[in-house]
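> I am attaching a structure below and will ask some questions about it afterwards.
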Amino acid sequence: MRRIHRLAGAVAAGALLLSACANSPFGGGNAAAAQTARPAATRYTVDKGAIENKIVATGKITPRGAASLVFPRSGTVITITVKEGEAVKSGQPLGSLDTSDLVLTAQSQYYNYVSAQASYSQTIKGANSYDVKSAEAALNSAKAAYNDLFKAPSDNEVANLKATLANADASLRSAQAGYDQQFRRNPAGIVGSAAAVTLEQATNTWQAAKANLDKAYEKPANSQFASANAQIASAQAKLDGLMAPIAPESIAQARAKVDQAYIAWQQAETNVKLSTVAAPFDGVVTKVNFDPGDYAGGGQTAFEVSDTARPYFEIDVDEADIGNLRVGMPARVTLQAFAQIPISATVEAIAPAATASANVVTFKVRLGSTPLLRGSARAARYRQVARSLPEPERPAGRW
């Protein structure tokens, strides 16, 4: 049973002195006789102290809160760093999943972000001198190729082409003679012979030399002019793009790519961090559902933690006494397990509606305790009881 004592007030202390009066209004003609008839004066002393208005009620102690912690993604459990009944601090890691694949993804997204930053920097700076010179060289080359279509071959070019054709013709004649000689000796074995292969190669060389000489005198086809013009236009457009002022749309697009890459990188980093479950507050681990090596499905409860650092007490107060309670009033709670250790508390909430059971009408009252000092003997004893508390019961309604 837990007893609640409410401090009502105090009475100021003092001394009460009763003494005789020299001229009593009730005295007769013989004052001396009257004085002789009265008893001797007596002195009384009143001690200082407190008057308490006690309201005794029973109830239960409940953890301030509880949390069911889950892994937000599925994976293999790598570490479990706590045991059931172990006290933990807020933010303390409790367990983690395998993150090898997530780490690689985060690294890849980081490199994409760095690349997007580099592209953005290049965009806002504009073209460099090397790019401009390369574009100019490509344009000049395209123009030269177009002009070459109108040029007749030089005398040296023609002479070289004719000399090449003459050499090819001599080689072809020689190969033909060898082929004829071999054919006369062995007509059946001429196919696939060395003489046949030599003749075929010489024929191909002569045809190529003849085609090159004929081409030197040919007029370029319209398709060649069209292709040359397209090359010039492409090179000119690239150069113009490098030399033109930077368009705001180009800067905005480059900036958007940086932002998108950053978001993807941060999301990947968050996925790595979310693979570790941490305690949301100081408390005690009441349940551990996985061991290292287990497969945890996303959303499955991995740990349960109760806040026992500052529990609350829920009591039932009789309707006859409820009118004497106010939120904020001090109270004292005594646990049956440690009756000699009163716990300071404060009225936190009073239910607006009564509860009737077996013709007994009571009101639910919640008392909040003050945090116990860590390291004290009282705190050690209390935590021993607090760790054995049942799972907290959720109130049916809002107070």
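> From the list ALA268, ALA302, ALA261, exactly one residue is assigned to a strand (DSSP E or B) and under 21 Å from the mean Cα position of the chain (by Cα). Which is it?
Only one candidate passes the filter, namely ALA302.
> Here are ALA354, ALA302, ALA337: which of them is modelled with pLDDT under 85 and out of contact with any Lys or Arg (no Cβ under 8 Å at 6 or more places or on another chain)?
ALA337
> On to the next question. Just checking, how many residues over the range 32-88 are among the basic types (Lys, Arg) and at pLDDT below 80? Outline the logic, then answer.
Narrowing the range 32-88 to residues among the basic types (Lys, Arg): 38, 43, 48, 54, 60, 64, 73, 83.
Right, trim to at pLDDT below 80 and you get 38, 43, 48, 54, 64.
Residues meeting the conditions: 5.
> Please tell me if ALA268 is crowded, with 16+ Cβ neighbours inside 10 Å, small (Gly, Ala, Ser) and modelled with pLDDT under 85.
No.
> Now a separate question. Keeping to the range 306-334, report how many residues are within 12 Å of GLY59 (Cβ to Cβ) and modelled with pLDDT under 85.
Residues in the range 306-334 being within 12 Å of GLY59 (Cβ to Cβ) and modelled with pLDDT under 85: 4 in total.
> From the list TYR217, TYR262, TYR295, exactly one residue is touching a residue at least 24 places away in the same chain (Cβ under 8 Å), under 30 Å from SER74 (Cα atoms), exposed (fewer than 15 other Cβ atoms within 10 Å of the Cβ) and aromatic (Phe, Trp, Tyr). Which is it?
TYR295
> Does LYS210 satisfy the criteria of being modelled with pLDDT of 85 or more, surrounded by 15 or more Cβ atoms within 10 Å (Cβ to Cβ) and of a type in the set (Lys, Arg)?
Yes: the conditions hold for LYS210.
> Within the range 76-108, which residues are crowded, with 19+ Cβ neighbours inside 10 Å and within 19 Å of the chain's Cα centre (by Cα)?
Hits for the range 76-108 are VAL77, LEU94, GLY95, SER96, LEU97, THR99, LEU102, ALA106.
> Of the residues ASN140, ASN156, which is under 30 Å from MET243 (Cα atoms), out of contact with any His (no Cβ under 7 Å at 6 or more places or on another chain) and of a type in the set (S, T, N, Q)? Spell out how you get there, then give the answer.
On the way: ASN156 fails: under 30 Å from MET243 (Cα atoms).
Only one candidate passes the filter, namely ASN140.
> Just to be sure, is TYR295 assigned by TED's automatic domain parsing to the domain that holds PRO280 and of a type in the set (Phe, Trp, Tyr)? Give the steps one after another, and end with the answer.
On the way: assigned by TED's automatic domain parsing to the domain that holds PRO280: yes; of a type in the set (Phe, Trp, Tyr): yes.
So TYR295 passes the test.
> So in the range 335-358, with the set limited to residues that are more than 15 Å from ARG310 (Cα to Cα) and part of a strand (DSSP E or B), which one is nearest to the chain's Cα centre (by Cα)?
Among those residues, the one meeting the criterion is ALA349.
> Here is a further query. Can you name the residue in the range 213-237 that is in contact with a helix residue (DSSP H, G or I) (Cβ under 7 Å, 6 or more places away or on another chain) and farther than 27 Å from ALA137 by Cβ and, of all such residues, is modelled with the lowest pLDDT?
ALA216
> Does ASP321 satisfy the criteria of being touching a residue at least 60 places away in the same chain (Cβ under 8 Å), surrounded by 16 or more Cβ atoms within 10 Å (Cβ to Cβ) and not basic (Lys, Arg)?
yes
> Residues of the range 185-224 being among the small types (Gly, Ala, Ser) and either within 18 Å of LEU165 (Cβ to Cβ) or touching a Lys or Arg at 6+ places or on another chain (Cβ under 9 Å) (or both), which ones? Let's see the steps before the verdict.
Quick first cut of the range 185-224, residues among the small types (Gly, Ala, Ser) only: 188-189, 192-196, 202, 208-209, 211, 216, 221, 223.
ALA202, ALA208, ALA209, ALA211, ALA216, listed by residue number.
> So LEU274 clears everything in (1) touching a Pro at 6+ places or on another chain (Cβ under 9 Å); (2) closer than 30 Å to GLN122 by Cα except one condition, right? Which one?
(2)
> Tell me, please, whether a residue that is surrounded by fewer than 13 Cβ atoms within 10 Å (Cβ to Cβ) and under 60 Å from the mean Cα position of the chain (by Cα) can be found in the range 142-153. Step through it out loud before you land on a result.
In the first step, residues of the range 142-153 are kept if they are surrounded by fewer than 13 Cβ atoms within 10 Å (Cβ to Cβ); the result is 144, 147-148, 150-152.
Still in the running and under 60 Å from the mean Cα position of the chain (by Cα): 144.
Within the range 142-153, one or more residues are surrounded by fewer than 13 Cβ atoms within 10 Å (Cβ to Cβ) and under 60 Å from the mean Cα position of the chain (by Cα).
> Next question. Hey, can you tell me all the residues within the range 77-135 that are touching a Lys or Arg at 6+ places or on another chain (Cβ under 8 Å) and part of a helix (DSSP H, G or I)? It would help to see each step written out before you state the result.
At the first step, the residues of the range 77-135 found to be touching a Lys or Arg at 6+ places or on another chain (Cβ under 8 Å) are 84-85, 87, 97, 116, 119-120, 135.
Within the range 77-135, ALA116, SER119, TYR120, ALA135 qualify.
The values are calculated or read from the model by the stated rules, or taken from the named source; none is laboratory data. Note that the coordinates shown come from a computational prediction; the quantities given were computed from them, not determined experimentally. Methodologically, a virtual Cβ is constructed for each residue, glycine included, from the backbone with ideal geometry; neighbour enumeration extends over all protein chains shown.
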